[in-house]
Amino acid sequence: MLKKIKNILLVLGGLLLVLLLNDRKVYGAKTGVDQFPASYQEALQELQDAHPNWIFEPLKTNLSFSKAVSMEFNKNVITKDANSFYKSNLPGDYVNGSYVFKDANKWVRASENATAYFMDPRNWLNEENIFQFETIEFNSKRQTVEGVEEILSDTFMYKKKIRYYNTKGKRVKTKKTYAQVIYNAGKKSGVSPYYLASKIRQEIGTEGSGSSSGKTKGYKGYYNFYNIGASDGANPVANGISYAKQKGSYCRPWNSPMRAILGGAYYIADEYLSGGQPCGYLMKFNVNKKSSWGLYSHQYMTNVGGCCQESITTYQAYENMGSLNKEKRFLIPVYRDMPDEESTVEIGGGKNTGITSTASRIKKGPNTDSATICRIKKNTQVTIIGCGQYQDFYQFKNLDHPYWFKVSFTRAGENVTGYIEAEYVTIDSSMTIGKNQSIKPDTSLSATTAGKVYYQSSNPEVATVSSNGRISTVGDGKVTIYAFLANGNFDALSITVKGEGIIKVNQSSLSLIMGKTSRLEAKLTKTEDESKIYWSSDDESIATVDKDGVVTGIAVGSTVISARAANGVESSCSVTVRPGSVGKIQVLDRTYGHSVLNWNVATGASGYEVYRKGGEDDRYVRIALVRGHNKTKYVDKKAEPGVVYRYKIRGYRVSDRVRYYSVDRFKSLRPKISKVKVKKLIRKTSYAKITWERDPYVDGYLVYRRTKNGQYKEIKRVTRSRITYYVDRTIKKNAIYYYKVAAYNKINGEIVKGNYSKSIRLD
């Protein structure tokens, strides 16, 4: 009976969730193609014409697109088999010529241009990929068990009854198919069963995985079809199964596929559908300011193209069911400052020719499915006409073939024009420069609306490239620098690095306090005219430099100061501008539990960090983060008396997601227990009453008394700091007494007392 009641409540809960979603108006208030920016409208109108019952709603994020990409960049991975253009080779992601695995020896960090490409909604406004924006609420009119089966086709779950191992290793048979269980889970939770089926297929694959086998070592008989809790790491499957084994929310433990599928559906409903992330895109990239979890957090997967893969599975199911034209709702994000959809980029004046690095095929279009025009031999010279990315619809194989050159060349006396994969062409060098030099080639966009350019070096061991396009040479060799846009367009520049440079700045890095100056010097080789050295700053809002190389720190942050020779080659110095010093640290009080530190305002700081060493800590431990430029006081309430502590305080400011610090300042002190201040002592006929000021940072007080010619003896231990008086009922008539009080703390089982108060006479 209890089980039936529970099931009824679960069904009612799912229905209530859907009603709440409609009532809360999670989605946009206005619908239709005309509610979107112009760059969205052409593609959406084609979809609207083909499917009149589809509803498109803009989610106006009010976020800068480039800012959103920068916030998401380090949160995304991509398969190790993806093309190098899609994999980050920045420090920490690429070491000694190898990509660093971020998850289970399969996934590496996705490049920033890959993140931008997958985040731009306009790249996915086609019939196949639009479904990453479909809202995932349950709808019995357009979702069926048969449709779930279509999504499960070609998997081990297709038209199969569930068979599983319980926690005792016994094989259990059921009469329900996977499709039936998934559909019912969607109905009960209020989540689209098509989304659930696509998610399961994406997470465990067509053949299943350790998450669905029930055979994971140490977790036999437990299941996690959505890989919930399978955080990145050496063994994410074990992390997910560990979550499934725990008792608690969402029908856990998931000791059967049925419980795992239903519980996971409730999890998705609660954590995402009702939390402001009601479509696959928003689960992957949480750019909804109204979500329950905060921007760029609570994201379901790290696979940068995960929601694209899921969308194709959903599309194919609708198509096979003949239900593509039924009503569907799509919630599509819109950003501020979006790059122009048609914009192209040109770096360093472009390029003209290149040499094929391997034998390949010339295609009629920029994709592997396009017809082959002819084969081209290795070391064939080609003229590069244009660049671009294949943008028909997402396919997994596109990860390995994303960028293409349009080229022309002569074959058997005839001119041939077609497309070849960009990685198969080595661009002819446009310049040769030495090691430890830098250059910032001009980068221009064709559109009036400027877009963010994402740079990548083909070989960081030869040259690196900064986020603003500055190329810094490292070692001998040939390197190509690529400039990408979010719409898939790109350009490239190749340089040769050979020998020593012609110009050298005397420092490779400089740390400068805001408002202060420092002078750099530059030397040229004897063959160059030393009178022709030109100084410049990449960002004059951070630091400026005059004609003599004097650098001035303007604001907290990082920039590059360069000395340029007449031929344009530069030698650079990385400049970090830090907040000013906090000055001398003052101690306003050093009593136990009330050690008060004070310091000066640090120029340019937005807050302060307080570190402490001493007692049980043999190293500095941060004990406080004080936010606010003018907040220059901290009370350490846990400093024990008699212990010598050493404090370190520094100002900080965050700029472009990097925290910059001022110079550390130190102060040592030994806290003590404060001296009690006696307020008054009164005498009555049969008793005397002494009162004192309260100290909230002590455990209690010790009361002492002596006669006129005697010695002080403890007559009372007050064990509560809030009690600030004592009544002495043992006094004798006409006798003279003296009283004093000391505060105490109980430390490691021992009484540690402070200094005595002033002695007071009772006449």
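The values are calculated or read from the model by the stated rules, or taken from the named source; none is laboratory data. Here the structure is a predicted model, which means the values were calculated and not measured. Cβ sites come from the backbone with ideal geometry, for glycine too, and all protein chains shown count toward neighbours. Accessible surface is based on the protein model in full, side chains and every heavy atom, while ligands, DNA and RNA are left aside. Shrake-Rupley method; radii C 1.70, N 1.55, O 1.52, S 1.80 Å.
For segment 553-566, enumerate the residues that are farther than 20 Å from SER606 by Cα and of a type in the set (S, T, N, Q). If the condition is that a residue be farther than 20 Å from SER606 by Cα and of a type in the set (S, T, N, Q), then SER562 is the only one that fits. Per this entry, TYR608 is counted among residues that are farther than 30 Å from GLU500 by Cα, free of Cβ contacts under 8 Å to residues at least 60 places away in the same chain and open to solvent by less than 40 Å² (accessible area, probe 1.4 Å). Of the residues VAL601, VAL560, VAL551, the single one that is modelled with pLDDT of 95 or more and assigned to a strand (DSSP E or B) is VAL551. Put simply, of SER444, SER472, SER518, SER429 the only residue that is hydroxyl-bearing (Ser, Thr, Tyr), part of a strand (DSSP E or B) and closer than 24 Å to TYR403 by Cα is SER444. Of all the residues in segment 694-711, those that are loosely packed, with under 13 Cβ neighbours inside 10 Å and within 30 Å of PRO641 (Cα to Cα) number 2. The single condition among (1) of a type in the set (Gly, Ala, Ser); (2) assigned to a loop (DSSP other than H, G, I, E, B); (3) under 22 Å from TYR318 (Cβ atoms) that GLY208 does not meet is (3).
If you go through segment 347-359 and keep only what is on the phi < 0 side of the Ramachandran plot and surrounded by fewer than 18 Cβ atoms within 10 Å (Cβ to Cβ), you end up with ASN352, THR353, ILE355, SER357, THR358, ALA359. Residue count for segment 515-530 under the criterion of being open to solvent by 60 Å² or more (accessible area, probe 1.4 Å), over 30 Å from VAL577 (Cβ atoms) and not acidic (Asp, Glu): the result is 2.
Which members of segment 169-194 meet the condition of being in contact with a strand residue (DSSP E or B) (Cβ under 8 Å, 6 or more places away or on another chain), surrounded by 23 or more Cβ atoms within 10 Å (Cβ to Cβ) and under 19 Å from ASP154 (Cβ atoms)? Matches in segment 169-194: TYR178, VAL181. A count restricted to segment 186-224 and to residues that are over 16 Å from ARG142 (Cα atoms) and aliphatic (A, V, I, L, M) stands at 2.
Each row is one residue, and each column tells you yes or no for (1) more than 30 Å from LEU520 (Cβ to Cβ); (2) out of contact with any Asp or Glu (no Cβ under 8 Å at 6 or more places or on another chain); (3) open to solvent by 60 Å² or more (accessible area, probe 1.4 Å); (4) of a type in the set (Phe, Trp, Tyr).
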{"residue": "VAL556", "(1), (2), (3), (4)": "no, yes, no, no"}
{"residue": "THR559", "(1), (2), (3), (4)": "no, no, no, no"}
{"residue": "ARG564", "(1), (2), (3), (4)": "no, no, yes, no"}
{"residue": "VAL577", "(1), (2), (3), (4)": "no, yes, no, no"}
{"residue": "GLY583", "(1), (2), (3), (4)": "no, yes, no, no"}
{"residue": "ARG590", "(1), (2), (3), (4)": "yes, yes, yes, no"}
{"residue": "VAL596", "(1), (2), (3), (4)": "yes, no, no, no"}
{"residue": "VAL601", "(1), (2), (3), (4)": "no, yes, yes, no"}
{"residue": "LYS613", "(1), (2), (3), (4)": "yes, yes, yes, no"}
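Checked across segment 239-251, the condition of being modelled with pLDDT under 90, polar (S, T, N, Q), surrounded by fewer than 21 Cβ atoms within 10 Å (Cβ to Cβ) and in contact with a Ser or Thr (Cβ under 6 Å, 6 or more places away or on another chain) holds for at least one residue. Scanning segment 136-154 for residues that are surrounded by fewer than 18 Cβ atoms within 10 Å (Cβ to Cβ) and closer than 15 Å to ILE261 by Cβ yields a single hit, VAL145.
For the subset of segment 623-663 comprising residues that are without any contact (Cβ under 8 Å) to a residue 24 or more places away in the chain and not hydrophobic (A, V, I, L, M, F, W, C), which member is least open to solvent (accessible area, probe 1.4 Å)? Across segment 623-663, the extreme among qualifying residues is GLY628. Just one of the listed residues (TYR267, TYR272, TYR300) is open to solvent by 20 Å² or more (accessible area, probe 1.4 Å), under 19 Å from the mean Cα position of the chain (by Cα) and within 27 Å of GLU149 (Cβ to Cβ), and it is TYR300. The residues of segment 159-173 that are in contact with a Phe, Trp or Tyr (Cβ under 8 Å, 6 or more places away or on another chain) and hydroxyl-bearing (Ser, Thr, Tyr), listed by number, are TYR164, THR167.
Scanning segment 200-213 for residues that are among the small types (Gly, Ala, Ser) and under 20 Å from CYS308 (Cβ atoms) yields one hit, GLY205. Regarding segment 526-533, can at least one residue be identified that is outside any loop (DSSP other than H, G, I, E, B), touching a strand residue (DSSP E or B) at 6+ places or on another chain (Cβ under 6 Å) and at pLDDT below 95? No, segment 526-533 contains no residue that is outside any loop (DSSP other than H, G, I, E, B), touching a strand residue (DSSP E or B) at 6+ places or on another chain (Cβ under 6 Å) and at pLDDT below 95. Annotation: of all residues in segment 664-688 being surrounded by 15 or more Cβ atoms within 10 Å (Cβ to Cβ) and more than 48 Å from the chain's Cα centre (by Cα), the one that is nearest to VAL582 (Cα to Cα) is LYS675. Against the conditions (1) without any contact (Cβ under 8 Å) to a residue 40 or more places away in the chain; (2) open to solvent by less than 30 Å² (accessible area, probe 1.4 Å); (3) among the polar types (S, T, N, Q), THR464 satisfies every one except (2). The single residue among LEU512, LEU493, LEU485 that is buried (at least 24 other Cβ atoms within 10 Å of the Cβ) and either farther than 21 Å from THR426 by Cα or within 30 Å of the chain's Cα centre (by Cα) (or both) turns out to be LEU485. Based on what the data block shows, is TYR620 hydroxyl-bearing (Ser, Thr, Tyr), at negative phi, surrounded by fewer than 17 Cβ atoms within 10 Å (Cβ to Cβ) and not in a loop (DSSP other than H, G, I, E, B)? Answer is yes for this residue.
Of all residues in segment 328-346, exactly one satisfies the criterion of being of a type in the set (D, E, K, R) and either buried (at least 23 other Cβ atoms within 10 Å of the Cβ) or in contact with a Lys or Arg (Cβ under 6 Å, 6 or more places away or on another chain) (or both), namely GLU341.
Filtering segment 33-45 for residues that are over 29 Å from LYS289 (Cα atoms) and open to solvent by 30 Å² or more (accessible area, probe 1.4 Å) leaves an empty set. Among the residues making up segment 214-232, a single one is within 27 Å of SER311 (Cβ to Cβ), in contact with a strand residue (DSSP E or B) (Cβ under 8 Å, 6 or more places away or on another chain) and surrounded by fewer than 21 Cβ atoms within 10 Å (Cβ to Cβ): ASP232.
At least 3 residues being among the charged types (D, E, K, R) and modelled with pLDDT under 90 is the threshold, and among the helices (runs of 4 or more DSSP H) wholly inside segment 1-83 those reaching it are 2-24. Does ARG650 meet the test of being closer than 30 Å to ASN74 by Cβ, modelled with pLDDT of 95 or more and in a strand (DSSP E or B)? Yes. Taking first residues from segment 495-512 that are at positive phi and partners that are assigned to a strand (DSSP E or B) and open to solvent by less than 40 Å² (accessible area, probe 1.4 Å), the Cβ contacts under 8 Å between residues at least 6 apart in sequence or on separate chains come to GLY499/GLY434.
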